[in-house]
Structures are given as structure tokens and as C-alpha cells.
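Comments concern the structure below.
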Amino acid sequence: MKAKQTSALGVIALTVLLAGCGTQPAATSAPSTPGTSPSTTGGTTATAAPAKKVTITAQGFKPDQKEKNDQLDQRIARFKAKNPNVEFKKDDWQYNPLEIGIKMASNSAPTEYTTYATEGKVLVDKKWVADITDSMNAWAHAQDMNDLLSKPFVVNGKTYGVPIDGYVMTITLNKKLFKEKGVELPPMDWTWDDLLEAARKINDPAKGIAGFIPMGKGPEAGWNWTNFLYAAGGDVQKLDGGMVVSVFNSEAGLKALEFYKKLKDENLIPKNWALGYGDALNAFSQGRGAMVMCGSGNAADTAINEGGIAKEDLIVYPMPALTKGGKHTGVLGGNYRVINPKSDKDQQAVAFKWITDEYFTDDFLNSTQKEIEDRKTKKRVYIPQPINYWKDSSEFGKKYTDLLAKYDNVFKYDPQLISLWDGKPEAQYEAQKYYTEMANVIQKVFTTKDVDLKKTLADASNKVQTEVFDKVKVE
């Protein structure tokens, strides 16, 4: 689930940092619309660009995307002003997991391209991304990068990609509903049982208030459910001898389905449970549910700026652990810049410098400040992303935190959220079709009185395997 996960900060982050990074279509959850920034003098890599002429191919946009191509041209001009030995070509190809093998085999992939969190291991295994460990280690900001967001492209201790943006799945709680019911908030280090107990206490069907709002239709329903699969220790698929193999028909998958059945059997979900992404967030923003699952701060943004809920009445939690002391694992999504390993060493050095040239700059902070102030004049609240490419403890992170602290129209996250959550990337292949089939399973669980969970899960796994995964050609 990608396109639906962009908060205001996600847009700004890409607008400031990028001119050639497109949103990827893997599942429907990747954040963001790309853009670029005004001129900046930001971070550079210690891997010096060679003095001789070097030509690289940067990822661009389709011809009809004039504004984005203009922005890319402006960024290229800024880069060339500082690096006159570099020449650019542009390629409007956008990453596709079923096309990358062909691009590499034909040596037609751009020098650098944007991909997404799901792709780290398969790209490394296939040797379709360059090892940028040395360049990253020599970069002045290497220690400032967010370890969790970097994780999908750190394989066997080596680095293969630079994060742009990302999200980890969270659950947003309406504190006002808890207070009205006289119910204490669950601990931030909560479990599935804690979620169920809180939902039972808040649930009030007579008033149209659900304890918990899961998404119940469309691929987003399967996307939501996958968080519980992950939290139970499960996975969606694996590669075996070049074949994509379904593995969600497992003990973990059964536990996740049993959890959903409890929600339904105890009437803890909305009566009209067939809610898509926007439906679920709107229901929450209207006070028709105490808890809703969503990526990063999007639920809070909708509830505050569309529903009129006070920012003090909301709190964002990590996904609950299966049992006390377990990991708070949620779906991790995001966009990453990588380098073509078939380019020569000089091109790779220039490409790394190009990718990181406008990271850690004041222009990002200035754009953020402008957005906050614009929202303040409109009596709207700024919802920052809780996860960024930088560490909050870095000098840049502190500047960013200090900036947010100056304004009273900024939503604040509990520090425990960041210390507890854990991210696991979405399925690498055909995630959307898998999500859609799981939505059918969830609807069956929500509508069938004596549903056979084991058979239903096995049938879904077999269907996804034969109709979807078996048709994937892994180059």
C-alpha cells in the first residue's frame, strides 16, 4: 500500500530533496509525489567526483510531466554548477520488478534509479544494485542516517541504497473516547490482548462507536491484516530456486485470522465493516471508532484537519506485539535511490554524489517552516512524519526538532513510539494481488458464522500461488 501513505511532510521531503524520484507502484502504499528544491549547498560525499568528464543517466519523468522535468533540469543545473565535469542524460523509465531483469540484461537501466523498500534483498541477490558501502562510509552524513529506514537496503552488513522517505504502520487512538468512557490508555508497549481489552471497554454499538476500525475492503484490507501476520512472526512469500512461494498459510497467518475473528465475534468492529482506506480514516475522524490502523501520521492528519479532533486528543501507537516483550512489527514502506552496478566506478562515484547532494540542507527546514506557517494561517495542524531519512539525534535532526518546537500547531508523537516500533518491508512480488485476495478472506471471516479459518487460509494461499506467484518470472 503506497500511494495513500503520504503526509504533508512526505510531500515536502521529496519536493525538497528530489527531482528525479518517482513514486513506485509496488503495492498501493508508497508515500509521495516527487519534486525538487530550490538551490542548496547541502551535504556532499567524501568520494570526490573525478576531474575528467563523466556522463551519468539520471532517472527522469515521462514527457507529459513537464513540471517535474523542469524541476529535474533545475536540479541538474545546480549540480553541474558545482561539478562542471559531469554531463547528464535522462531516462523516463520507472522501476518495475518485472522489468528490471530485462533492463539489466540489455544494459539499458539508468545509472541511478528509484525503487522501494520491498526490493532490497532481491536486487542485491540478483546483483542489480551497486555496493555503495565505501561511498556511504566516506560520506559526512553516514552516521546521521536513520538505521530503521536504511534497513531494507543494508544486506549482510553492506549498503546498497539511500532512503528517501518511508513509513511504518501504526495505530492511532482517540484519547477523548477513552476519557469519556473512563478507560485508561493501554501501555505503549502493548499486546494483541491489550488492544482487544481496550476495544471491549470502548466499544458502544448502540452509539455507533466501534472499539477498533480495521480496513475491510479493497487491497488495503489485506495490507492492514499483514501487520498482524508480521507481528505473529509470519511472512507473505519466499524465493525458492527462482520461484516465488507463498508462505502466509502458516501458524502465524492462522493466529492473525483468529485475531480478526475475535474482533468480529465480539462485535468490536463497525457494523458497516466494509471500509476502504478513506472510509476507515473518515469514520475515525468522525468519532465512530476508538482506534484505527494506518501508516505513520495519516490518520491523525485526517482526524485533526478534516474531522476537527483536537491534536491533544490523539496519540499514535506502534503495532501491538503478539505477546509481552515481543516485537512491535508493522509494514515498512518507502522509496530508495540505488545505483546501477554496470556503470563504471567513476559513474558510480558521481551518481552517489548526485543522489546525496541535497540531503541535510537548510532548504528542507525552510520549506518545512513555510508549510507549518501556511497551515497556521489556515488554522490547520502540521503532522510531521514520525520517521525520516535522518536520525532524530543527528545535528540536522535536532534542528528539525527545534523548528517544530517553535510552533503550537504541530502534532507531537510520544517518544516511546520510535523506540518500540519495528518495520518489515512489504512482499516483493505482486503484493497488490496478494492483498486483494486477503481482502476476500477477511470479508469471509467478517460475514461467515462458522468459517473454517484453516481451510480458508489454505485455499487463499493455493489460489495466490497458482494464479499469481507461479506466473512471476524472477530473472
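Some values worked out for this structure:
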{"quantity": "Violating pairs (Cα-Cα greater than 32 angstrom) within the set K127/K433; K176/K379; K121/K264; K151/K473; K262/K376; K103/K255", "calculated": "K121/K264; K262/K376; K103/K255"}
{"quantity": "Sequence ranges 414-421, 143-150, ranked by mean other-Cβ count within 10 angstrom, highest first", "calculated": "143-150, 414-421"}
{"quantity": "Relative packing of 55-63, 334-342, which averages over residues the other C-beta atoms within 10 Å, highest first", "calculated": "334-342, 55-63"}
{"quantity": "Sequence-distant residues sharing a close amide H with T170 (under 5 Å, placed H)", "calculated": "C294, G295, S296"}
{"quantity": "Percent carbon-and-sulfur accessible area, segment 200-311, ignoring ligands, DNA and RNA, probe 1.4 Å", "calculated": "45"}
{"quantity": "Highest-first arrangement of 455-464, 284-293, where packing means the average Cβ count within 10 Å", "calculated": "284-293, 455-464"}
{"quantity": "Estimated translational D of segment 351-475 in µm²/s (Stokes, Kirkwood radius over Cα pairs; 20 °C; 1.002 mPa s)", "calculated": "111"}
{"quantity": "Antiparallel bridges, percent of DSSP beta bridges restricted to the chain (to nearest 5)", "calculated": "65"}
{"quantity": "Assigned charges on the beta-carbon of Lys, Arg, Asp, Glu; segment 88-186 dipole about Cα centre (debye)", "calculated": "320"}
{"quantity": "Two-site label geometry, K444 and E251: point separation in nm, points 7 Å out along Cα→Cβ", "calculated": "2.3"}
{"quantity": "Proximal aspartates and glutamates relative to K424, as straight alpha-carbon distance under 14 Å, when same-chain residues fewer than 8 apart are discounted", "calculated": "E119, D147, D235"}
{"quantity": "T466 accessible area, assembled protein chains, probe 1.4 Å, Å²", "calculated": "80"}
{"quantity": "Which label in [x] 22.5, 74; [y] 22.4, 68; [z] 24.0, 73 gives the computed Rg and Dmax of the Cα atoms in Å", "calculated": "[x]"}
{"quantity": "Efficiency of FRET from Cβ geometry, D313 and K52, R₀ 60 Å, rounded to 0.05", "calculated": "0.50"}
{"quantity": "Rounded percent of accessible protein surface that carbon and sulfur make up, segment 413-461, 1.4 Å probe", "calculated": "48"}
{"quantity": "Accessible area expressed per residue, the chain, with surrounding protein chains retained (probe 1.4 Å, Å²)", "calculated": "40"}
{"quantity": "Cα→Cβ-extended label distance, 7 Å offset, between S108 and K454, nm", "calculated": "5.1"}
{"quantity": "For segment 108-187: rounded, prolate or oblate by the Cα gyration tensor [a/c cutoff 1.5]", "calculated": "prolate"}
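The values are calculated or read from the model by the stated rules, or taken from the named source; none is laboratory data. Fair warning: this is a prediction, and the values are worked out from it, not measured in the lab. Note that each Cβ is placed from the backbone with ideal geometry, even for glycine, and that neighbours are counted across all protein chains shown. Accessible surface is based on the protein model in full, side chains and every heavy atom, while ligands, DNA and RNA are left aside. Shrake-Rupley method; radii C 1.70, N 1.55, O 1.52, S 1.80 Å.
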